[in-house]
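Worksheet: one structure, shown below.
FYI, it's all coordinate maths here, none of it is from the lab. Note that the structure is predicted; figures quoted are calculated from it, not measured. Don't worry about glycine lacking a Cβ; one is built from the backbone with ideal geometry, like all the others, and counts go over all protein chains shown.
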Amino acid sequence: MIRALLFLIVLLWPFATTAQEFSGLARLDVAQSQVRDAEDGLDVTLYLSQPVPFRVFTLDDPRRLVMDFREVDWRGASRAGLLNADNATDLRFGAFRPGWSRLVIDLAGPTLIETAGMEVDETDGTAVVRVRLSRADPDRFAAAAGAPPDPDWDIHATDRPSLVAPPDGGDDDLVVVIDPGHGGIDPGAVRGGIKEADIILQFSIELEEALARAGGIRPVLTRRADIFVPLEERMTIARAAGADVLLSLHADALDEEVTRGASVYTLTGEASDGASARMAERHDRGDLLSGLDLSGQDDTVATVLMDLARLETGPQSLRLADQVVTALDDAGVAMNSRPRRTAPLAVLTAPDFASVLIEIGFLSNPQDREVIGSPAGRARIIGGIVQGVQRWDAERRARAPLLRQ
Ligand SMILES: [Zn+2]
């Protein structure tokens with residue numbers, strides 16, 4: 001009850017009083033903002049250059065504190081600079097959806113929100129958000145956990161339709177959905193000053209241009225900005241676009257530097273090896289780490305979807321993966337020692353279109369990093385992917401009359 005009241009207050013009043021200021025982003029004052037232990041819990045204090053609507057709630061399994069804000073500029077902020085507590089184990093922050101930012105704090109134990117509020121300094125117009133959490137027993141924590149139902153904040157509610165052109169009835173074009181991995185609060189790998197979410201978005205936009213130039217192909221992106229898109233929504237966007245193909249793109253990092261080269265993943269129930277298993281684990285945790293409430297999700301549904309995917313589009317995905325690997329190799333792209341891999345990746349479970357995940361290289365490898373970071377290096381990889389998709393489509397169209405008999 002107290003929580004609900006606080007949301008109302010913080011959400012409503014800034015709109016009324018400072019609407020004109022919303023054109024600019026609220027900047028986080030990095031020097032003053034802190035997450036630190038309180039006597040019996042945790043204190044979160046964030047100084048902002050102006051007041052913004054915000055809300056705060058907790059999630060269970062794993063225990064997290066989630067704070068949503070009207071967009072905040074996090075420049076200069078770091079995990080190490082903000083986090084100074086034993087009662088919190090980790091935190092991350094960034095863009096969550098268009099116009100909104102999120103901070104997620106992993107809690108060491110069951111701590112409940114006791115108070116939350118924002119104070120505005122009337123002389124300089126700055127604001128401070130204070131959230132105090134105190135220890136509770138696990139049952140009370142579990143009972144209080146969950147995102148408050150609020151259509152305005154519902155990630156599925158708004159913002160996306162403009163991304164996707166409606167499927168064109170008699171259109172014979174191949175619809176290729178390009179899915180740039182990570183984004184926003186989930187940056188992916190970061191090595192040598194390159195962030196996976198950024199470089200993969202750049203790569204995806206270049207791939208979109210190349211596919212559009214190739215003719216007979218309508219490319220669609222699942223995100224065009226440094227924004228967080230949940231896994232399931234990536235597939236929803238693809239479906240809405242009438243996808244024939246989903247290409248999920250990544251450039252991950254490993255602990256060691258030597259592993260390099262491109263590889264292509266298809267869906268399986270079990271990972272083919274340790275590296276593939278770790279890859280799947282890292283990526284399917286993205287939603288969780290970004291503060292999505294997954295407690296209502298039904299594993300049976302996921303299993304059924306996986307079976308369907310294998311039955312209907314599995315063989316098509318396998319052929320696509322093979323064609324892309326061959327074409328990348330033909331284009332002279334450095335390939336991984338095991339370029340064809342399988343893993344239980346949630347983003348590949350759509351039953352109604354072929355899906356592959358392309359690891360264009362590793363940000364942890366200096367040579368790959370140089371290739372991925374240069375326009376010429378990216379162009380070579382893009383050429384290979386376009387070739388692979390075209391060969392796969394030609395083969396598919398050639399097979400279609402046979403299948404109909
Ligand atoms: Zn990745």
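Numbers for the structure displayed
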quantity: Mean Cβ neighbour count within 10 Å, used as a protection proxy, ranking 171-180, 76-85 highest first; calculated: 171-180, 76-85
quantity: Distance between modelled label sites at E114 and L83, nm, 7 Å Cα→Cβ extension; calculated: 2.3
quantity: Ordering of 128-140, 87-99 by packing [mean C-beta count within 10 Å, highest first]; calculated: 87-99, 128-140
quantity: Span from the segment 265-281 Cα centroid across to the segment 103-150 one, whole angstrom; calculated: 36
quantity: Amide hydrogen neighbours beyond the local backbone of A38, cut-off 5 Å, H modeled; calculated: D43
quantity: Prolate/oblate/rounded call for segment 181-234, Cα gyration tensor, a/c under 1.5 rounded; calculated: oblate
quantity: Label-to-label distance, nm, for residues given as A142 and R380 (7 Å Cα→Cβ offset); calculated: 5.4
quantity: Karplus-derived 3J(HN,Hα), 6.51/-1.76/1.60, for each residue of segment 105-120, Hz, glycine and proline x; calculated: 10, 7, 8, 6, x, x, 10, 9, 5, 9, 9, 8, x, 10, 10, 10
quantity: Ranked packing of 340-349, 355-364, most packed first, by mean Cβ within 10 Å; calculated: 355-364, 340-349
quantity: Around L328: net Lys/Arg minus Asp/Glu count, Cβ-Cβ under 14 Å; calculated: +2
quantity: Under-5 Å amide H pairs with R97, H placed in peptide plane, nonlocal only; calculated: F228
quantity: Counted charge near S337, where neighbours are those whose Cβ lies closer than 12 Å (Asp, Glu -1; Lys, Arg +1); calculated: +3
quantity: Shape of segment 161-404, Cα gyration tensor, a/c cut at 1.5; calculated: rounded
quantity: Karplus-derived HN-Hα couplings along segment 125-138 (A = 6.51, B = -1.76, C = 1.60, θ = phi - 60°), whole Hz, x at Gly and Pro; calculated: x, 7, 9, 10, 9, 10, 10, 10, 10, 10, 4, 9, 7, x
quantity: Phi to ³J(HN,Hα) by Karplus 6.51 cos²θ - 1.76 cosθ + 1.60 over segment 55-60, Hz, x for Gly, Pro; calculated: 9, 9, 7, 10, 10, 9
